[in-house]
Amino acid sequence: MLPGGVLARYGHLLNLPPHTQPVTLLEGGTPLIPAPRLARELAEGMSLWIKYEGLNPTGSFKDRGMTAAISEAAGRGARTVICASTGNTAASAAAYAARAGMKCIVLIPEGKVALGKLAGALAYGATVVQIEGSFDDALHLVVEVTRKYPIALVNSLNPYRIEGQKTAAFEICDDLGTAPDWLCLPVGNAGNITAYWAGFRQYHERQGTGLPRLLGVQAAGAAPLVLGHPVDRPETVATAIRIGRPARGEEALQAAAESGGRIIAVTDEEILRMQRLLAQTEGIWVEPASAAGLAGLAAEIAAGRLRPRGQRIVAVCTGHGLKDPDIVSRSFVQPLVLPPRLDVLEEVILKP
Ligand code: AN7
(Lines give C-alpha, C1' and ligand atoms only; values in the text may rest on other atoms or scores of the structure.)
Protein backbone atom coordinates (compact mmCIF):
# COMPACT_ATOMS: atom_id res chain seq x y z
CA MET A 1 0.00 0.00 0.00
CA LEU A 2 1.27 3.48 -0.80
CA PRO A 3 1.74 5.63 2.28
CA GLY A 4 -1.03 8.10 2.98
CA GLY A 5 -1.54 11.05 5.28
CA VAL A 6 -3.98 11.33 8.15
CA LEU A 7 -7.04 11.49 5.86
CA ALA A 8 -6.10 8.24 4.14
CA ARG A 9 -5.50 6.51 7.46
CA TYR A 10 -8.29 7.94 9.61
CA GLY A 11 -10.62 9.76 7.19
CA HIS A 12 -13.44 7.29 7.93
CA LEU A 13 -13.44 8.53 11.54
CA LEU A 14 -13.49 12.23 10.67
CA ASN A 15 -16.55 14.38 10.12
CA LEU A 16 -15.60 15.86 6.74
CA PRO A 17 -18.09 16.73 3.99
CA PRO A 18 -18.34 14.50 0.89
CA HIS A 19 -16.91 17.20 -1.37
CA THR A 20 -13.53 16.99 0.45
CA GLN A 21 -10.63 16.45 -1.98
CA PRO A 22 -7.48 15.23 -0.23
CA VAL A 23 -4.53 17.60 -0.31
CA THR A 24 -1.76 15.90 1.63
CA LEU A 25 1.96 16.03 2.36
CA LEU A 26 1.78 12.63 4.09
CA GLU A 27 1.53 14.30 7.49
CA GLY A 28 0.95 12.38 10.71
CA GLY A 29 2.40 9.01 11.66
CA THR A 30 4.77 10.86 13.99
CA PRO A 31 6.80 8.76 16.43
CA LEU A 32 5.87 8.21 20.05
CA ILE A 33 9.38 8.21 21.46
CA PRO A 34 10.12 6.69 24.88
CA ALA A 35 11.97 9.17 27.11
CA PRO A 36 13.41 7.06 29.96
CA ARG A 37 16.33 9.36 30.79
CA LEU A 38 14.14 12.43 31.09
CA ALA A 39 11.57 10.40 33.06
CA ARG A 40 14.28 9.49 35.60
CA GLU A 41 15.24 13.14 35.93
CA LEU A 42 11.67 14.01 36.86
CA ALA A 43 10.57 11.12 39.08
CA GLU A 44 10.85 7.45 39.99
CA GLY A 45 8.67 4.84 38.39
CA MET A 46 6.80 6.59 35.61
CA SER A 47 6.76 5.85 31.89
CA LEU A 48 7.16 8.86 29.65
CA TRP A 49 6.77 9.20 25.88
CA ILE A 50 7.20 12.19 23.60
CA LYS A 51 4.67 12.51 20.76
CA TYR A 52 7.06 14.31 18.45
CA GLU A 53 4.80 16.43 16.30
CA GLY A 54 7.72 18.53 15.11
CA LEU A 55 8.37 15.75 12.60
CA ASN A 56 5.35 16.66 10.49
CA PRO A 57 6.04 17.98 6.96
CA THR A 58 6.18 21.68 7.88
CA GLY A 59 7.67 21.02 11.32
CA SER A 60 4.61 21.29 13.54
CA PHE A 61 1.40 19.57 14.62
CA LYS A 62 -0.65 22.04 12.57
CA ASP A 63 -0.31 19.91 9.42
CA ARG A 64 -2.91 17.37 10.65
CA GLY A 65 -5.69 19.93 10.89
CA MET A 66 -4.45 21.82 7.86
CA THR A 67 -4.69 18.85 5.50
CA ALA A 68 -8.35 18.53 6.55
CA ALA A 69 -9.16 22.25 6.29
CA ILE A 70 -7.42 22.74 2.94
CA SER A 71 -8.89 19.53 1.53
CA GLU A 72 -12.38 20.70 2.41
CA ALA A 73 -11.74 24.18 1.02
CA ALA A 74 -10.26 22.75 -2.19
CA GLY A 75 -13.23 20.43 -2.62
CA ARG A 76 -15.70 23.27 -2.60
CA GLY A 77 -13.61 25.29 -5.02
CA ALA A 78 -12.09 27.88 -2.69
CA ARG A 79 -9.35 29.88 -4.42
CA THR A 80 -7.92 31.74 -1.42
CA VAL A 81 -7.35 30.88 2.23
CA ILE A 82 -6.44 33.14 5.13
CA CYS A 83 -5.29 32.73 8.73
CA ALA A 84 -3.87 34.63 11.65
CA SER A 85 -0.88 32.96 13.20
CA THR A 86 1.91 33.03 15.72
CA GLY A 87 3.86 31.26 12.96
CA ASN A 88 3.26 27.54 12.68
CA THR A 89 -0.26 27.79 11.31
CA ALA A 90 1.04 30.27 8.75
CA ALA A 91 3.76 27.93 7.50
CA SER A 92 1.36 24.98 7.39
CA ALA A 93 -1.43 26.88 5.63
CA ALA A 94 1.06 28.26 3.11
CA ALA A 95 2.44 24.81 2.27
CA TYR A 96 -0.93 23.07 1.88
CA ALA A 97 -2.37 26.02 -0.09
CA ALA A 98 0.62 25.82 -2.44
CA ARG A 99 -0.03 22.12 -2.93
CA ALA A 100 -3.69 22.82 -3.69
CA GLY A 101 -2.84 25.64 -6.09
CA MET A 102 -4.56 28.19 -3.87
CA LYS A 103 -3.55 31.65 -2.78
CA CYS A 104 -2.70 31.99 0.91
CA ILE A 105 -2.73 35.13 3.05
CA VAL A 106 -1.29 35.05 6.58
CA LEU A 107 -1.46 37.73 9.25
CA ILE A 108 1.22 37.57 11.92
CA PRO A 109 2.13 39.79 14.87
CA GLU A 110 4.99 42.05 13.85
CA GLY A 111 8.37 41.02 15.22
CA LYS A 112 7.01 38.13 17.31
CA VAL A 113 7.24 35.19 14.94
CA ALA A 114 10.20 32.81 15.08
CA LEU A 115 12.52 32.85 12.08
CA GLY A 116 11.88 29.30 10.84
CA LYS A 117 8.12 29.92 10.68
CA LEU A 118 8.28 33.26 8.89
CA ALA A 119 10.82 31.83 6.46
CA GLY A 120 8.53 28.87 5.79
CA ALA A 121 5.49 31.03 5.06
CA LEU A 122 7.55 33.15 2.66
CA ALA A 123 9.18 30.15 1.00
CA TYR A 124 5.81 28.49 0.33
CA GLY A 125 4.71 31.69 -1.36
CA ALA A 126 2.10 33.07 1.03
CA THR A 127 1.27 36.77 1.15
CA VAL A 128 2.65 37.55 4.59
CA VAL A 129 1.23 40.58 6.40
CA GLN A 130 2.77 41.72 9.67
CA ILE A 131 0.19 43.36 11.90
CA GLU A 132 1.24 46.05 14.36
CA GLY A 133 -0.52 44.25 17.16
CA SER A 134 -0.95 40.83 18.73
CA PHE A 135 -2.10 37.47 17.38
CA ASP A 136 -5.49 38.26 18.88
CA ASP A 137 -5.76 41.46 16.80
CA ALA A 138 -4.78 39.49 13.70
CA LEU A 139 -7.38 36.78 14.37
CA HIS A 140 -10.07 39.40 14.82
CA LEU A 141 -9.17 40.87 11.42
CA VAL A 142 -9.18 37.58 9.50
CA VAL A 143 -12.58 36.65 10.93
CA GLU A 144 -13.92 40.00 9.65
CA VAL A 145 -12.35 39.46 6.24
CA THR A 146 -13.90 36.01 5.84
CA ARG A 147 -17.33 37.38 6.77
CA LYS A 148 -17.08 39.90 3.93
CA TYR A 149 -15.31 37.94 1.19
CA PRO A 150 -15.32 34.41 -0.20
CA ILE A 151 -12.00 33.56 1.41
CA ALA A 152 -11.71 30.38 3.47
CA LEU A 153 -10.70 30.73 7.12
CA VAL A 154 -8.17 28.05 8.12
CA ASN A 155 -7.59 28.98 11.76
CA SER A 156 -8.73 26.35 14.26
CA LEU A 157 -12.12 28.11 14.45
CA ASN A 158 -12.61 26.09 11.25
CA PRO A 159 -14.16 22.81 12.49
CA TYR A 160 -12.24 20.70 9.95
CA ARG A 161 -8.98 21.76 11.60
CA ILE A 162 -10.21 20.06 14.77
CA GLU A 163 -11.33 16.97 12.85
CA GLY A 164 -7.89 16.47 11.31
CA GLN A 165 -6.12 17.24 14.57
CA LYS A 166 -8.00 14.43 16.36
CA THR A 167 -5.81 11.94 14.48
CA ALA A 168 -2.94 12.58 16.91
CA ALA A 169 -5.05 11.11 19.72
CA PHE A 170 -5.95 8.13 17.53
CA GLU A 171 -2.28 7.46 16.80
CA ILE A 172 -1.32 7.57 20.48
CA CYS A 173 -4.05 5.03 21.33
CA ASP A 174 -3.02 2.83 18.40
CA ASP A 175 0.64 2.93 19.49
CA LEU A 176 0.07 2.33 23.21
CA GLY A 177 -2.98 0.07 22.84
CA THR A 178 -4.88 2.37 25.22
CA ALA A 179 -4.94 6.05 26.10
CA PRO A 180 -2.17 7.14 28.51
CA ASP A 181 -2.96 8.16 32.10
CA TRP A 182 -1.90 11.74 31.44
CA LEU A 183 -1.48 13.82 28.30
CA CYS A 184 0.58 16.99 28.76
CA LEU A 185 0.57 19.69 26.11
CA PRO A 186 1.02 23.41 25.54
CA VAL A 187 -2.10 25.57 25.16
CA GLY A 188 -2.30 28.73 23.06
CA ASN A 189 -5.42 29.28 21.00
CA ALA A 190 -6.66 25.98 22.51
CA GLY A 191 -7.51 24.12 19.30
CA ASN A 192 -5.09 21.29 19.96
CA ILE A 193 -6.28 20.37 23.45
CA THR A 194 -9.89 20.57 22.25
CA ALA A 195 -9.11 18.21 19.37
CA TYR A 196 -7.17 15.73 21.52
CA TRP A 197 -10.06 15.47 23.93
CA ALA A 198 -12.56 14.95 21.09
CA GLY A 199 -10.27 12.32 19.58
CA PHE A 200 -9.71 10.39 22.80
CA ARG A 201 -13.43 10.42 23.58
CA GLN A 202 -14.34 9.20 20.10
CA TYR A 203 -11.80 6.35 20.24
CA HIS A 204 -12.95 5.38 23.71
CA GLU A 205 -16.60 5.21 22.62
CA ARG A 206 -15.60 3.12 19.59
CA GLN A 207 -13.11 0.74 21.09
CA GLY A 208 -12.86 1.29 24.84
CA THR A 209 -9.33 2.71 24.87
CA GLY A 210 -9.89 4.72 28.05
CA LEU A 211 -9.41 8.43 28.63
CA PRO A 212 -6.34 10.37 29.73
CA ARG A 213 -6.28 13.24 32.16
CA LEU A 214 -5.26 16.41 30.37
CA LEU A 215 -2.59 18.74 31.67
CA GLY A 216 -2.77 21.88 29.51
CA VAL A 217 0.07 24.31 30.01
CA GLN A 218 0.18 28.03 29.23
CA ALA A 219 3.05 30.47 29.59
CA ALA A 220 2.75 32.61 32.72
CA GLY A 221 2.78 35.83 30.68
CA ALA A 222 0.02 34.55 28.40
CA ALA A 223 -2.22 32.54 30.69
CA PRO A 224 -5.82 33.72 30.23
CA LEU A 225 -7.23 30.27 31.03
CA VAL A 226 -5.40 30.17 34.34
CA LEU A 227 -6.15 33.77 35.28
CA GLY A 228 -9.79 33.50 34.25
CA HIS A 229 -9.76 36.59 32.03
CA PRO A 230 -8.28 37.70 28.68
CA VAL A 231 -4.73 39.05 28.66
CA ASP A 232 -4.39 42.26 26.63
CA ARG A 233 -0.62 42.21 26.23
CA PRO A 234 0.51 38.60 26.32
CA GLU A 235 4.27 38.14 26.57
CA THR A 236 6.41 35.02 26.55
CA VAL A 237 9.59 33.65 25.05
CA ALA A 238 7.38 30.86 23.69
CA THR A 239 5.99 33.08 20.92
CA ALA A 240 3.88 30.22 19.51
CA ILE A 241 1.59 30.48 22.54
CA ARG A 242 1.73 34.25 22.97
CA ILE A 243 -2.08 34.45 22.86
CA GLY A 244 -4.35 36.43 25.21
CA ARG A 245 -7.83 35.50 23.96
CA PRO A 246 -7.90 31.81 23.01
CA ALA A 247 -10.63 31.15 20.44
CA ARG A 248 -11.45 27.77 21.99
CA GLY A 249 -10.68 28.70 25.59
CA GLU A 250 -14.02 27.60 27.02
CA GLU A 251 -13.78 24.23 25.29
CA ALA A 252 -10.25 23.77 26.60
CA LEU A 253 -11.30 24.45 30.18
CA GLN A 254 -14.21 22.07 29.82
CA ALA A 255 -12.02 19.35 28.30
CA ALA A 256 -9.45 19.64 31.08
CA ALA A 257 -12.15 19.55 33.78
CA GLU A 258 -14.06 16.65 32.20
CA SER A 259 -10.85 14.65 31.97
CA GLY A 260 -10.04 15.17 35.65
CA GLY A 261 -7.04 17.26 34.69
CA ARG A 262 -6.34 20.99 34.62
CA ILE A 263 -4.74 23.95 32.89
CA ILE A 264 -1.74 25.52 34.58
CA ALA A 265 0.96 28.08 33.80
CA VAL A 266 4.76 27.86 33.85
CA THR A 267 7.37 30.61 33.67
CA ASP A 268 9.60 31.29 30.68
CA GLU A 269 12.56 30.10 32.77
CA GLU A 270 10.86 26.75 33.37
CA ILE A 271 10.07 26.44 29.66
CA LEU A 272 13.65 27.16 28.57
CA ARG A 273 15.10 24.88 31.23
CA MET A 274 12.89 22.03 30.00
CA GLN A 275 13.72 22.73 26.37
CA ARG A 276 17.40 22.25 27.25
CA LEU A 277 16.81 19.23 29.49
CA LEU A 278 14.78 17.39 26.83
CA ALA A 279 17.36 18.12 24.15
CA GLN A 280 20.29 17.07 26.35
CA THR A 281 18.82 13.97 28.00
CA GLU A 282 16.92 12.54 25.02
CA GLY A 283 18.26 14.18 21.86
CA ILE A 284 14.90 15.74 21.07
CA TRP A 285 15.11 19.44 20.27
CA VAL A 286 11.78 21.25 20.24
CA GLU A 287 10.78 24.88 20.05
CA PRO A 288 10.15 26.62 23.39
CA ALA A 289 6.33 26.36 23.34
CA SER A 290 6.66 22.64 22.77
CA ALA A 291 8.56 22.23 26.02
CA ALA A 292 5.73 23.86 28.01
CA GLY A 293 3.76 20.64 28.45
CA LEU A 294 6.77 18.89 29.94
CA ALA A 295 7.66 21.93 32.05
CA GLY A 296 4.14 21.80 33.46
CA LEU A 297 4.50 18.10 34.19
CA ALA A 298 7.78 18.72 36.04
CA ALA A 299 6.20 21.53 38.07
CA GLU A 300 3.19 19.43 39.06
CA ILE A 301 5.40 16.53 40.12
CA ALA A 302 7.70 18.82 42.11
CA ALA A 303 4.74 20.39 43.91
CA GLY A 304 3.29 16.97 44.77
CA ARG A 305 0.11 17.64 42.80
CA LEU A 306 0.72 14.82 40.32
CA ARG A 307 1.84 11.43 41.59
CA PRO A 308 3.83 9.96 38.74
CA ARG A 309 4.57 6.46 40.08
CA GLY A 310 3.17 3.78 37.79
CA GLN A 311 1.69 6.38 35.45
CA ARG A 312 1.94 6.30 31.66
CA ILE A 313 2.47 9.84 30.53
CA VAL A 314 2.58 11.27 27.02
CA ALA A 315 3.92 14.77 26.42
CA VAL A 316 3.04 16.35 23.10
CA CYS A 317 5.94 18.26 21.57
CA THR A 318 4.18 20.39 19.01
CA GLY A 319 6.98 21.97 16.97
CA HIS A 320 10.57 21.31 15.92
CA GLY A 321 13.51 23.13 17.51
CA LEU A 322 14.64 24.33 14.09
CA LYS A 323 11.61 26.60 13.99
CA ASP A 324 13.21 28.97 16.46
CA PRO A 325 17.00 28.91 16.10
CA ASP A 326 17.46 32.36 17.66
CA ILE A 327 16.47 31.17 21.11
CA VAL A 328 19.56 28.97 21.23
CA SER A 329 21.76 32.04 21.43
CA ARG A 330 19.85 33.15 24.52
CA SER A 331 19.42 29.95 26.43
CA PHE A 332 22.20 27.51 25.52
CA VAL A 333 25.98 27.43 26.06
CA GLN A 334 27.69 29.22 23.17
CA PRO A 335 30.50 27.74 21.03
CA LEU A 336 34.13 28.26 22.01
CA VAL A 337 36.36 30.27 19.71
CA LEU A 338 40.00 29.11 19.64
CA PRO A 339 43.09 29.75 17.52
CA PRO A 340 44.00 26.81 15.22
CA ARG A 341 46.56 25.30 17.66
CA LEU A 342 46.67 21.75 19.00
CA ASP A 343 47.97 22.75 22.45
CA VAL A 344 45.10 25.16 23.02
CA LEU A 345 42.58 22.63 21.73
CA GLU A 346 44.01 19.90 23.98
CA GLU A 347 43.80 22.12 26.99
CA VAL A 348 40.09 22.65 26.38
CA ILE A 349 38.90 19.16 25.35
CA LEU A 350 40.97 17.17 27.85
CA LYS A 351 39.89 19.33 30.78
CA PRO A 352 38.19 17.02 33.30
C1 AN7 B 1 4.49 24.87 18.62
O2 AN7 B 1 0.48 28.91 14.69
O3 AN7 B 1 -1.59 29.40 17.36
O4 AN7 B 1 -3.54 25.67 21.71
O5 AN7 B 1 -0.99 30.47 14.99
O6 AN7 B 1 2.72 26.65 17.33
O7 AN7 B 1 -3.92 24.67 19.45
O8 AN7 B 1 -3.22 27.05 19.68
C9 AN7 B 1 0.29 28.01 17.28
C10 AN7 B 1 0.09 27.33 18.42
C11 AN7 B 1 1.52 24.86 20.77
C12 AN7 B 1 -0.68 25.94 20.80
N13 AN7 B 1 2.73 24.62 20.27
O14 AN7 B 1 -1.66 25.18 20.19
C15 AN7 B 1 -0.36 29.47 15.38
C16 AN7 B 1 -0.63 28.98 16.74
C17 AN7 B 1 3.13 25.21 19.13
C18 AN7 B 1 2.29 26.10 18.46
C19 AN7 B 1 0.64 25.74 20.16
C20 AN7 B 1 1.02 26.39 19.01
P21 AN7 B 1 -3.17 25.66 20.25
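The values are calculated or read from the model by the stated rules, or taken from the named source; none is laboratory data. On a predicted model such as this, the values are computed, not experimentally measured, just so you know. Note: ideal-geometry Cβ built from the backbone for every residue, glycine included; neighbour counts use all protein chains shown.
Odds and ends about this structure:
- For ARG64, the test of being assigned to a helix (DSSP H, G or I) and free of Cβ contacts under 8 Å to residues at least 12 places away in the same chain is failed.
A quick yes/no check of all residues on (1) charged (D, E, K, R); (2) more than 13 Å from the ligand (Cβ to nearest atom); (3) closer than 19 Å to GLU53 by Cα:
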position	(1), (2), (3)
ALA68	no, yes, yes
GLY75	no, yes, no
ALA84	no, no, no
GLY87	no, no, yes
ALA90	no, no, yes
ALA94	no, no, yes
ALA100	no, yes, no
ILE108	no, no, no
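- Against the criterion of being crowded, with 23+ Cβ neighbours inside 10 Å, within 23 Å of ALA169 (Cα to Cα) and in contact with a Cys (Cβ under 6 Å, 6 or more places away or on another chain), ILE70 does not qualify.
- Close pairs (7 angstrom Cβ cut-off, 6 or more residues apart or separate chains): assigned by TED's automatic domain parsing to the domain that holds ASP137 and in a helix (DSSP H, G or I) in region 84-98, of a type in the set (Ser, Thr, Tyr) and within 11 Å of the ligand (Cβ to nearest atom) anywhere: ASN88/SER60; ALA91/THR58; SER92/THR58; SER92/SER60; ALA95/THR58
- Single match in LEU278, LEU322, LEU294 (criterion: within 14 Å of the ligand (Cβ to nearest atom) and closer than 28 Å to VAL142 by Cβ): LEU322
- Scan of region 279-299 for residues that are within 16 Å of SER60 (Cβ to Cβ) and in a helix (DSSP H, G or I), ordered by number: PRO288, ALA289, SER290, ALA291, ALA292, GLY293
- Cβ-Cβ contacts under 8 Å between residues 6 or more apart (or on different chains), taken from a first residue in region 201-217 that is assigned to a strand (DSSP E or B) to a second residue that is within 16 Å of the ligand (Cβ to nearest atom) and hydroxyl-bearing (Ser, Thr, Tyr), are listed as ARG213/SER259; LEU214/TYR196; LEU214/SER259.
- Selection within region 304-352 - assigned to a helix (DSSP H, G or I), over 27 Å from LEU38 (Cα atoms) and either touching a residue at least 24 places away in the same chain (Cβ under 8 Å) or among the charged types (D, E, K, R) (or both): ASP343, GLU346, GLU347
- Failed item, numbered, when VAL226 is tested on (1) surrounded by fewer than 24 Cβ atoms within 10 Å (Cβ to Cβ); (2) in the same structural domain as GLN254 (by TED's automatic domain parsing); (3) within 13 Å of the ligand (Cβ to nearest atom): (3)
- Region 172-190 residues that are in the same structural domain as ARG307 (by TED's automatic domain parsing) and over 30 Å from LEU227 (Cα atoms), paired with ones that are of a type in the set (Phe, Trp, Tyr) and at pLDDT 95 or above (beta carbon under 8 Å, 6 or more apart): CYS173/PHE200; CYS173/TYR203; LEU176/TRP49
- ARG233 being within 15 Å of the ligand (Cβ to nearest atom), modelled with pLDDT of 95 or more, not aliphatic (A, V, I, L, M) and not in a helix (DSSP H, G or I): no
- A residue that is in a helix (DSSP H, G or I) and charged (D, E, K, R) cannot be found anywhere in region 42-51.
- Residue within region 171-188 that is under 17 Å from the mean Cα position of the chain (by Cα) and among the acidic types (Asp, Glu) present: yes
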